[in-house]
Every structure is written in C-alpha cells, then in structure tokens.
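The structure appears below as structure tokens.
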Amino acid sequence: MALRSRQTSGGEPARSGGIVTAPTRATPVVATEDGRPTVTGWLRLGKDGRLSAYAPAAGGVARWTESRPGGAWTGPDLVAPGKGLQSHLSIAQGADGYVHMTALRHTPMEDGGTWAELVHAIQYQTGRPVKNWAVVGSPYPRRDWEKGLKMGHPSVGVDSAGDAQIVVRNAFGGVSARGQEPSGKWAGWADLNGNGADRSISVVAGEAGRMVIHAPSNTGIMRFERADAKASFEEIEKLAADSETGTITGLVTSEGGRITFFLRDAKSGELRAWRGDGPATPLGGRGSGPVALLRKEIDGVDCTVLAQRDHDGRPAIAAYPSEQEDAGVTWTPTGEVCAGAPALALDADGRIVLGVFTPDGGLRITRQRTDEPGLALEAWQQV
C-alpha cells in the first residue's frame, strides 16, 4: 500500500533557509494547434471540499485551487515539475480523493535518439505539492527507442480499490496496459493486441474493479474489458462506429454499475450514447471534443449531466434522466467562446460546477443556482 498511504512526502512547501518559497506561476496549454483538448476530466473535488483545476504547462502541470470551499481561487501555479513532458495530460481520481496524473516524457539519449516513457504522479491532498513523477516506463527496451516514439497519448483510470491503470496505443497500433498491484507496485506490461488504433484511447473505471478500454481504429472501435481487479483485460466485440479522435468517455449510470459510453461521430460531430448492446443513440449536440459527464439527482430525478464545446465554440450543457436517451436531450449554450474541453464536478455543497478554459488559458467557473429548480446556472466567474 506504499503509494496509497496518506503520505506527506512532497506535500510540504519548498523551503530555503527556513523561508517558505512562493509557488511558481504556470502558463497552461489547454488545446493543441488544431484545437483538440490537451486534458479532460480536469476539475476535481478534494476530500476537504475544495475544487482544483489542472492543465498541462511548460515544465509541469498548471493548477488552480479554491482557497476554501466555494471561495476565491489561487493559481495557476506550477506543480509536478519535470523536463520533457509532452503536451497531453490524463487525469483520474480515486474514491480516496487522490488525483492521479500521467503523461508521456521525452528524454534525449547519448547516442542521439529520444527515449519515450510514461510517467505518473499523485496529489494526495488538495492544494499540496504533487509527489514527484514516477517512471511507469515503456513497453519497449531502450534499443527499440524508435518504436517508443510511435506511442500515443496515455490515459489513466483508477479502479474502485484506488489502483491506477495506464493504457496507451503502442507502436504497432495495438493497445498496451500497465496497472498497479495492491502493493502499489507496477505490474508488467500487458500487450492487449489489436491494430490500427487511433492516437488517443480511453479507459473507464466501473464498480468492483471493472475497467473498459476503447480504442478507435479504421475498422471500428476496439474494446477490451476487465471484469474485476483480479482479472486480465480481454478483447470483446468491436463497436461499428467512426468516432472523432479522443472523444470516447463513460459514466456509471445505474445502481447495478452499468456504464454508458459517449462518443462523437467523426462525420457529423454529433454526440452518441451507447451501453454495449444495440446501436448508439444520437444525442444531438454537434460540436467538437469529448463531452464532460456527471451523474446527479436534479429535482428528485437521477440525471446524467453533459457539457461540451458546441459548434460555435461556446460551452453548452444538458441533462436528462439517466439511461433514458429516448426522452430527448436539450442543449443550452452558456458563456463565451472557450478552448479545449469543458469539465463538470460537484462542489462541497453538492452543486453542479461547470468549468471551461478561455482561449488564452484562463479559467472560468459557473455553478448551479440553489434558488431555482432544474439546472439554472449562476453568472460566470473569471478566475
């Protein structure tokens, strides 16, 4: 349990001669040149009731943090510093509140090559420094460094026991995975096979250790499922769909642990929902990038809440009774043009919080109103 003990290692502010040094300011990178988001699931609620937001930045990770639940924000500060980190950051959170981050790191080699490896960091407490990047490694030996450069963007999920699982497209277009054991150590690499995978794949954690990987390819969406924490991933039937890159995500939407998966059609830009049987259900909402997801009771009804960057570049939000897509989904635009992908979270009071990044990397937040029924939102706050 070494990695999940309540450590304070790395949790104290940097000191010099007994003086606490100020955090380093960071410049977030929230979207690539072609507009694709560099991070999703970036808004998280800590055990102490404070929200934090994260984005990749030059030399580390940019983090904003509430000074108190519902209060003013600080940041963006540079945390998890490191050289050679690539622009995409994957974030997940366990039931213990620990925030897991993974990225791809490039390091020059003495013979002129470039070594590519996956790294992983944990934030144990809200607002505290992040534990140093730990090397997860590469499916390839150093002599095959050129293969490593063909890896895609890593994705991290955290199962119900708090163990991280990192997945990545490998050099041959298949899927490679490496997970933590109950001891906290990393198990060996697993080659899940497959071919033609897109650069961005996803891993979604369910209940009782269940995890599902989706890897879009040129012949449909490859799927791999682990039934529980002790099981291995097994390939299951492909989903006959053509999804926009990096847009598959999922959410537990029933008391029985059933997961609803969401993807964006590559041709129309329309969102679709799917639960493993039958065709995907259209949800409208033409836009770009992945949809943010949240399950919340609204006016006594168990609802799935969605937020996206719509076709005009503005954030749009919707909610519908969970697993009742046929009831229809109505999208409501809100706020100004944003960049990257929106994020959803609950705050310390159980209110829905919608966050977006501005085109210049700033942070905007709005919350569910408490004096009105439904999903009415407060005025946007510029952090």
Subject >> Pairwise label distance in nanometres, Ala72 with Val135, each label 7 Å out on the Cα-Cβ vector >> reply: 4.3
Subject >> 20 °C / 1.002 mPa s Stokes-Einstein diffusion coefficient of segment 27-114, Kirkwood radius on C-alpha pairs, µm²/s >> reply: 152
**OP:** Consider a paramagnetic label point 7 Å from the Cα of Thr114 along Cα→Cβ; state which residues of segment 180-211 have an amide N under 20 Å from it.
**Re:** 198-201
Original post:
Looking at the chain, how many pairs of lysines come closer than 28 Å at the Cα, when each pair is eight or more places apart or spans two chains?
Top reply: 19
Subject >> Kirkwood-based shape ratio for the chain, expressed as Rg/Rh from alpha carbons >> reply: 0.94
Original post:
If you average 1/r over every pair of different alpha-carbon atoms in segment 94-192 and take one over that average, what Kirkwood value in Å do you get?
Top reply: 14.2
Subject >> Val337 - accessible surface, heavy atoms, 1.4 Å probe, Å² rounded to 10 >> reply: 70
**OP:** Work from the charge dipole of the chain (Cβ charges, +1 for Lys and Arg, -1 for Asp and Glu, about the Cα centre) and give the residue of Ala62, Gly194, Met151 farthest towards its positive end.
**Re:** Ala62
Original post:
Which shape class applies to segment 276-382: rounded if a/c is under 1.5, otherwise prolate when a/b exceeds b/c and oblate if not, where a ≥ b ≥ c are the square roots of the Cα gyration tensor eigenvalues?
Top reply: oblate
**OP:** Starting from segment 308-383, pick out the chymotrypsin sites (Phe, Trp or Tyr not before Pro) whose DSSP state is loop and whose Cβ has at most 13 other Cβ atoms within 10 Å.
**Re:** none
Subject >> Stretch gain in nm, segment Ala376-Glu234, where the contour uses 0.36 nm per residue and the Cα spacing is subtracted >> reply: 46.9 nm
**OP:** Would you mind working out the magnitude of the charge dipole of segment 22-169 relative to its Cα centre, with +1 at each Lys and Arg C-beta and -1 at each Asp and Glu C-beta, to the nearest 20 Debye?
**Re:** 220
Subject >> Calculated FRET efficiency for the pair Arg143/Asp48, C-beta based, R₀ 45 Å, to 0.05 >> reply: 0.45
**OP:** Just flag the trypsin sites (Lys or Arg not before Pro) in segment 116-217 sitting in loop per DSSP whose Cβ has no more than 10 other Cβ atoms within 10 Å.
**Re:** Lys185
Original post:
What is the spin-label model distance, in nm, from His311 to Ala266 if the labels are put 7 Å beyond Cα along the C-beta direction?
Top reply: 2.0
Original post:
Which is farthest toward the positive dipole end of segment 316-383 among Gln368, Gln381, Ala319, measuring Cα position about the Cα centre, with Cβ charges +1 (Lys, Arg) and -1 (Asp, Glu)?
Top reply: Gln381
Original post:
Hey, how many Å between the Cα centroid of segment 158-190 and the Cα centroid of segment 56-98?
Top reply: 22
Subject >> Per-residue HN-Hα couplings for segment 232-244 [Karplus 6.51, -1.76, 1.60; θ = phi - 60°; Hz; x = Gly/Pro] >> reply: 9, 6, 10, 6, 10, 4, 5, 9, 7, 8, 10, 9, 5
Subject >> Relative contact order (percent, whole number), segment 68-134, Cα cutoff 8 Å, 6+ residue spacing >> reply: 27
Subject >> the chain: relative contact order as a whole-number percent, Cα under 8 Å and 6+ apart >> reply: 11
Original post:
Amide H of Leu363: which non-local residues (sequence gap of 5 or more, or other chain) have their own amide H closer than 5 Å, using H built in the peptide plane?
Top reply: Thr358, Val383
Subject >> Karplus (6.51, -1.76, 1.60) ³J(HN,Hα), θ = phi - 60°, over segment 120-136, in Hz, Gly and Pro reported as x >> reply: 9, 9, 10, 9, 8, 9, 4, x, 8, x, 8, 4, 3, 4, 9, 7, 8
Original post:
If you find the alpha carbon centre of segment 306-383 and of segment 202-247, how far apart are they in angstrom?
Top reply: 27
Subject >> Percent carbon-and-sulfur accessible area, the chain, ignoring ligands, DNA and RNA, probe 1.4 Å >> reply: 47
**OP:** Hey, can you find the accessible area per residue of the chain for me, probe 1.4 Å, expressed in square angstrom?
**Re:** 44
Original post:
When only Cα pairs under 8 Å and 6 or more residues apart are kept, what is the percent relative contact order across segment 305-383?
Top reply: 21
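The values are calculated or read from the model by the stated rules, or taken from the named source; none is laboratory data. Only a predicted model underlies this, so the values are computations on that prediction, with no experimental measurement involved. Every residue, glycine among them, receives a Cβ derived from its backbone with ideal geometry; neighbour counts consider all protein chains shown. Side chains included, ligands, DNA and RNA excluded: accessible areas come from the protein's heavy atoms. Shrake-Rupley method; radii C 1.70, N 1.55, O 1.52, S 1.80 Å.
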